[in-house]
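Before any comments, here is the structure.
Readers should treat all values here as calculations from the given coordinates under stated rules, not as data from a laboratory. Please read these numbers as outputs of a predicted model, since none were measured by experiment. Note: ideal-geometry Cβ built from the backbone for every residue, glycine included; neighbour counts use all protein chains shown.
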Amino acid sequence: MAERRQTDVLVIGGGAAGLSAALPLAEFAQVTVICKGGVEGGSTNWAQGGLAAVTAPDDSFESHIRDTLISGDGLCNEEAVRFTVTNGRKVVDQLVDWGVEFDRNGPDSPDGEAGTFHRTREGGHGERRVLHVADSTGRAIANSLWQQATDHPNIQIDNDRVAVDLITTDHLGIHPNRCIGAYVYNDITKEVDIYQARCVVLATGGASKVYLFTSNPDGATGDGIAMAWRAGASVANMEFNQFHPTCLYHPHAKSFLISEAIRGEGGILRLPNGERFMERFDKRMELAPRDIVARAIDHEMKRLGADCLYLDISHASNDLIEHHFPTIHSRCLEFGIDMTKDPIPVVPAAHYTCGGVVVDLNGATDIPGLYAAGETTSSGLHGANRLASNSLLECLVFGKAAADHIEANYQNYDLPADPPMWDASQVTDSDENVVLSHNWDELRRFMWDYVGIVRTHKRLERARHRVDLLKHEVQDYYSNYQVGPDLLELRNLLQVADLIVESAMRRRESRGLHYTLDFPDHLDEIADTVLRP
Ligand code: FAD
Ligand code: SIN
């Protein structure tokens, strides 16, 4: 039997953004966090390089702000950048308080005084400012937040739940509009439950699973972006899909990430013949912003007809590799690659969704009662290209900002009237699951081929045509059969693909991560691509 649940605040997503909102919210409200896939289900758990924040005496907010703006290629909102960067130290202190043990310099460290944070470097950063826990920073942060949330008496975590759609009063014919909960598929009972809440925080992560090759976990299917769009929220800058330049190239590696911190510590990109090539593309070489490095690799692979290029850190000491990169080192060894001796075969893969649900500095969307934080949003921080390791920072800053704003406005969020239960009376069980698996594959392949690192108008048109066909087919399926995780995710991916293609077609220039052969230059006028339902 489907259930009706009531909570004060519903947080959809158990990654860095969701839990960093849930913890301060739980100081004054009952919070329910729903997620799919437990602590490992979100990208947070897989983050490697670290968290960018100004913590060194010779670093400055202005320098971090400048690097972020340069990387964003003219499209960042400077106010959002300033807000995020200046909150960095607070976030670090909070994480340390919650139990995250960032690496610190030892007595012989060349990188700083003993006992201070060890800071690594990544592309686009003018300073060493990325705090890390070896090369599994995300796991350390995810585990600490998860532990804090599990231990908190006012937080209930419901795992194996897939939010289907948000509930707004508009949809119930009650005005003014407000978000009052969500329909949620329970993967244990196979029923769609209803979660009623005073307000909702959306923190469902990114949508890189829309591409065939991605560094992201399987659940990165853009559910929050699609749900917010269907509920009537604005979405912006969806054309800016970040491709990470270096994922492990191996048939069984499933796009395992090879951290940018390896280039930060001196890793060199090489062609199959061993030649270093980045100087032909950017004077910052391997440490140029990610869009430039990914495009350079893509260009060289296509020029040479190569299956992959190589990242070489074999000249570094074994000590550095084994201590700073133990996860990558051991994962490579599993595939017979010893990075202390050999270059690592690498290819680019879809990594980060820079656009998303439009939020202000309070994490508020344009639907009252609906907040959002983290990779699911477009906060203005990333502009046309996210600076490395700014994402975890954004999750933590905006998660807390949303919680603070909800607290300040709590009196406006009374408990809503009962929305109707999910109606499953008109649908049957499907005996045609092949439709889902086929359409998943087709979508991800043509998005990779037609809406990838280098685009053309013609390819985008082809993609649009195919998205339209699949959307029709899947909508028909959705109306007739019981919902399940695969169907829900495919429906959301198609919605996201539609938004990406539409945004890419509207941007008649190349900027940041959006590069099209038809319009290779910047336009003088700089504008976000804002789509309204
Ligand atoms: P996530 O951590 O992705 O969490 C999303 C949550 O929402 C999950 O709990 C998921 O189960 C849940 N969810 C999704 N859909 C639904 C639904 N329909 N119903 C219920 N729950 C749902 N960034 C950095 O700053 N530094 C790094 O070093 C770094 N390294 C990275 C390495 C890798 C391999 C990857 C993939 C990303 C990396 N990033 C890094 C990016 C960063 O990890 C993510 O952007 C960030 O963790 C996103 O956090 P989030 O809380 O927004 O979403
Ligand atoms: C990495 O370690 O290369 C990922 C960093 C990021 O995505 O910010």
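Listing for the model above:
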{"quantity": "Taking only Cα atoms of region 270-325, radius of gyration then Dmax in Å", "calculated": "12.8, 36"}
{"quantity": "Pairs of lysines in the chain (C-alpha under 17 Å apart; 8 or more residues apart or interchain)", "calculated": "5"}
{"quantity": "Protection-proxy order for peptides 520-532, 113-125, each taking the mean of Cβ atoms within 10 Å per residue, highest first", "calculated": "113-125, 520-532"}
{"quantity": "Calculated P(r) of region 148-251 - Cα pairs past 23 Å, %", "calculated": "43 percent"}
{"quantity": "Relative contact order of region 158-231, pairs being alpha-carbon contacts under 8 Å that are 6 or more residues apart, as %", "calculated": "26 percent"}
{"quantity": "In Hz, Karplus ³J(HN,Hα) per residue of region 246-256 (6.51, -1.76, 1.60; θ = phi - 60°; x = Gly, Pro)", "calculated": "10, 10, 4, 9, 6, x, 10, 8, 6, 6, 5"}
{"quantity": "Two-decimal log10 I(q)/I(0) for region 35-186, as the Debye equation yields it once each C-alpha is a single scatterer, q = 0.09, 0.12, 0.18 Å⁻¹", "calculated": "-0.43, -0.71, -1.13"}
{"quantity": "Spatial separation of Cα centroids for region 121-181 and region 342-398, in angstrom", "calculated": "12 Å"}
{"quantity": "Value in Å of the Kirkwood radius, where the chain supplies the Cα pairs that are averaged", "calculated": "23.4 Å"}
{"quantity": "Beta bridges per DSSP with both ends in the chain, % antiparallel, nearest 5", "calculated": "60 percent"}
{"quantity": "Region 326-434: relative contact order as a whole-number percent, Cα under 8 Å and 6+ apart", "calculated": "19 percent"}
{"quantity": "Ranked by how many other beta carbons lie within 10 Å on average, peptides 198-207, 160-169, 473-482 from highest", "calculated": "198-207, 160-169, 473-482"}
{"quantity": "Viscosity 1.306 mPa s, temperature 10 °C, Stokes-Einstein D of region 246-292 from Kirkwood C-alpha radius, µm²/s", "calculated": "135 µm²/s"}
{"quantity": "Packing-based order for 419-425, 459-465, using average beta carbon neighbours within 10 Å, highest first", "calculated": "459-465, 419-425"}
{"quantity": "Mean Cα-pair separation over length for the chain, i.e. relative contact order, pairs under 8 Å, 6 or more apart, %", "calculated": "22 percent"}
